[in-house]
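Below is one structure, written out as structure tokens, with a few remarks after it.
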Ligand SMILES: Cc1ncc(COP(=O)(O)O)c(C=O)c1O
């Protein structure tokens, strides 16, 4: 009988050993109990500044109860793809809810936004087309573009002269698609959609926005980046996640006109060749979207919490990248300061992760803080006091 391949195992062991001595091996933190503004890690209660639960809906009783109802009525999973016998009425209801939330004609579900981004480019574009992508776009967009038989250009982050150069360079393409995150996940900055939409129109290009950190969060009704700028309807293809503000279960989507969405249903591989979303997740997301739309006070509280914490960190002398989004990058550039400070915060009862190369460029090390509407004033004050206590690490910088 053939054994396992020694050559492969040897190579992997060597590479892991190298990684251990260079960047260190990542170890996933094990959390107990439900998601919320406080987390239980090994019996310690920590203020959670590390999740994407922007509206605090992950532990909302109505959302949880919907998941339980979905489980009771439709079962755990459907053991088939949507194109076989995996489609349920709750999937269509969720797709309608998403389309209504973001203000477009239609939407189609994927297992995750990562899958949506993997499946969207190959389905909509071909050899005669070009994608023009912001250099800080999410990994899933980058991988999705790599899977499609398109020409690819990358423009410097938010550099519209560079974008225009790319647009002009590929004037002969059948379609030019500008690709951007709505909110960039490492810097928390909001894409300048008015400028992007203007350039798209001028150059007869299409615009794709991954609004994973914006749906539910930005805009009067939580429709996302386009609504934030008063430009609802200006995006050709919108991708997003149900794993962040919209209940935090799991799932992703592509939203847009019927022609876009119907094409995806017909030919998008991560839609066709995979199991359909578990009904409890779909039921929870329908309720989360209803709450997100109908309770603007959650966004108001999120904005107030974010503004308070940004100001508190600034007053403590931290270098915080400016912005309004609940992603707050606290810059601790160079060496291992970001990691040291994150470690010290953990000892002080606060969970916030350090980001370093290759996740962010070398020299741009930081701690990424993420605020939720569910944080109480006491929790944020406790977290700010912890940042104050660990200043000694920062001062060595
Ligand atoms: C901008 C962006 N797009 C896509 C994703 C992937 O979303 P999901 O967790 O639904 O796969 C993420 C999550 O990290 C993200 O930040």
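None of the figures in this text is laboratory data; all of them are computed from the coordinates on show. These numbers come from a predicted model, not from an experiment. Using ideal geometry, Cβ is built from the backbone for each residue, glycine included, and neighbour counts are taken over all protein chains shown.
Structure notes:
- Spatial separation of Cα centroids for the range 275-313 and the range 210-269, in angstrom: 14 Å
- Residue 87 paired with residue 10, simple spin-label distance in nm, labels 7 Å along Cα-to-beta-carbon: 5.3 nm
- The calculated P(r) of the range 59-294, using every Cα pair and 5 Å bins from 0, goes 1, 7, 15, 19, 20, 16, 10, 6, 3, 1, 0, 0 in percent.
- When only Cα pairs below 8 angstrom with a gap of at least 6 residues are kept, the chain shows a relative contact order of 22 percent.
- The mean sequence distance of close C-alpha pairs (under 8 Å, at least 6 residues apart), as a share of the length of the range 249-324, puts its relative contact order at 21 percent.
- Residue 269-residue 30 FRET efficiency (beta carbon distance; Förster radius 41 Å; 0.05 resolution): 0.80
- When peptides 96-105, 175-184 are sorted by average Cβ neighbour count within 10 Å, with the highest value leading, the order is 175-184, 96-105.
- Packing-based order for 136-143, 235-242, using average beta carbon neighbours within 10 Å, highest first: 235-242, 136-143
- A convex hull fitted around the alpha carbon atoms of the chain yields 175 Å³ per residue.
- With neighbours defined as other Cβ atoms within 10 Å of a residue's Cβ, the residues 160, 353, 114 order from fewest to most as 160, 353, 114.
- Over the chain, DSSP H runs of length four or greater, each weighted -39,500 (n - 2.57), average out per residue to a 222 nm ellipticity of -13000 deg cm²/dmol.
- Over the range 59-294, relative contact order from alpha-carbon pairs under 8 Å, at least 6 apart, %: 32 percent
- The distance separating the Cα centre of the range 135-171 from that of the range 343-397 comes to 32 Å.
- At R0 = 25 Å, FRET efficiency that the Cβ-Cβ distance of residue 62 and residue 41 yields, to 0.05: 0.40
- Here the peptides 81-87, 2-8, 56-62 are ranked by packing, the mean other Cβ count within 10 Å, and the order with the highest first is 56-62, 81-87, 2-8.
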